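Peer 1: Just dropping this structure here.
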């Protein structure tokens, strides 16, 4: 009985931790495009999303720094003058989402004066949870043709009141996971 309860607890904890990590990333790109010709980049000028992103300058700075750091680590060079090979831009949205759980469970293990006890409870009532889901898009646009050639997409539940260190860590991890896919491998 003890090993069954221990196994159930371990499985429950692993499933819970996996659900909490929650940074999902994907990419879309122009198939057949020769990404090897891209060497230099700059921030996309006159980007409409810049106005939206400037609403929170602190987050804007963190995202920009994470993008530049990751691209520089991949040997791409940011230039301030002249014509770059590609423009980089990003866009952030936060939407409230609803999640429902039809089954919930719990485990209880304890000790009393009558010995040890354990129980497993399963509830079947619907539970409704509201949460904020953030989406970060990173776009790579070829300058020569003003053509979108790569887009990284990340979605995750966001905490509304993280401290600056946690926000920076989440942004860095998210951008790193996204840009691990750039350039795409064939």
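The values are calculated or read from the model by the stated rules, or taken from the named source; none is laboratory data. Please read all numbers here as calculations on a predicted model, not as lab measurements. Note that we place each Cβ from the backbone using ideal geometry, even for glycine, and neighbour counts take in every protein chain shown.
Peer 1: Looking only at the range 40-62, how many residues end up being at pLDDT 65 or above and either touching a strand residue (DSSP E or B) at 6+ places or on another chain (Cβ under 7 Å) or in a loop (DSSP other than H, G, I, E, B) (or both)?
Peer 2: 8
Peer 1: For the range 135-150, what are the residues that are within 22 Å of residue 176 (Cα to Cα) and either without any contact (Cβ under 8 Å) to a residue 40 or more places away in the chain or crowded, with 18+ Cβ neighbours inside 10 Å (or both)? So that I can check it myself, show each step before the final result.
Peer 2: Within the range 135-150, the first condition is being within 22 Å of residue 176 (Cα to Cα), and the residues that meet it are 135-142, 148-150.
Selection gives 136, 138, 139, 140, 141, 142, 149, 150.
Peer 1: Could you tell me whether any residue of the range 18-39 is in a helix (DSSP H, G or I), modelled with pLDDT of 85 or more, surrounded by 11 or more Cβ atoms within 10 Å (Cβ to Cβ) and out of contact with any strand residue (DSSP E or B) (no Cβ under 8 Å at 6 or more places or on another chain)?
Peer 2: Here is the first cut: in the range 18-39, the ones in a helix (DSSP H, G or I) are 18-21, 35-37.
From the residues that got through so far, the ones that are modelled with pLDDT of 85 or more too are 35-37.
Filter once more, keeping what is surrounded by 11 or more Cβ atoms within 10 Å (Cβ to Cβ): 35.
Still in the list and also out of contact with any strand residue (DSSP E or B) (no Cβ under 8 Å at 6 or more places or on another chain): none.
Looking through the range 18-39, none of the residues is in a helix (DSSP H, G or I), modelled with pLDDT of 85 or more, surrounded by 11 or more Cβ atoms within 10 Å (Cβ to Cβ) and out of contact with any strand residue (DSSP E or B) (no Cβ under 8 Å at 6 or more places or on another chain).
Peer 1: Same structure again: Of everything in the range 63-90, what is at pLDDT below 95 and on the phi < 0 side of the Ramachandran plot? Give them in sequence order.
Peer 2: So in the range 63-90, the residues at pLDDT below 95 come out as 80-82.
Within the range 63-90, 80, 81 meet the criteria.
Peer 1: Okay, next question. Can residue 161 be described as modelled with pLDDT under 95 and not in a strand (DSSP E or B)? Give the derivation first.
Peer 2: Values: modelled with pLDDT under 95: yes; not in a strand (DSSP E or B): yes.
When the stated conditions are applied, residue 161 passes them.
Peer 1: Then there's this: Return the residues of the range 106-134 that are at pLDDT 75 or above, surrounded by 11 or more Cβ atoms within 10 Å (Cβ to Cβ) and either within 31 Å of the chain's Cα centre (by Cα) or at positive phi (or both); say none if nothing qualifies.
Peer 2: 132, 133, 134, listed by residue number.
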